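This report refers to the structure that appears directly beneath it.
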Amino acid sequence: MKNWKRTLSSKMNLKRMHSSSVVIDDNGVLILGDSGSGKSDLALRLIDNGATLISDDISICRKNSNNIFL
């Protein structure tokens, strides 16, 4: 099963990131940091100010040309 996931991720240019991610003004924002560094707290503060949560703890990113999609 792990090889299947690795192959699919490789072919689709998917990356699994330990992060929180939100949308602000139609732009995805990836919040990176070590465990306990405040990623979720920052995401919650951004949500309080109008951002929309995409993911907390794990984000899947895909690169396509010059763009990165969350």
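The values are calculated or read from the model by the stated rules, or taken from the named source; none is laboratory data. On a predicted model such as this, the values are computed, not experimentally measured, just so you know. Ideal geometry is used to build each Cβ from the backbone, glycine not excepted, and the neighbour counts take in all protein chains shown.
Could you tell me how many of the residues in segment 16-68 are over 9 Å from the mean Cα position of the chain (by Cα), exposed (fewer than 14 other Cβ atoms within 10 Å of the Cβ) and assigned to a strand (DSSP E or B)?
8
Tell me which residues, restricted to segment 9-38, are among the charged types (D, E, K, R) and at pLDDT 90 or above.
Passing the criteria: Asp25, Asp26, Asp34.
Only one of Asp41, Asp56, Asp48 is charged (D, E, K, R) and at pLDDT below 95; which?
Selected residue: Asp56, the only one of Asp41, Asp56, Asp48 that is charged (D, E, K, R) and at pLDDT below 95.
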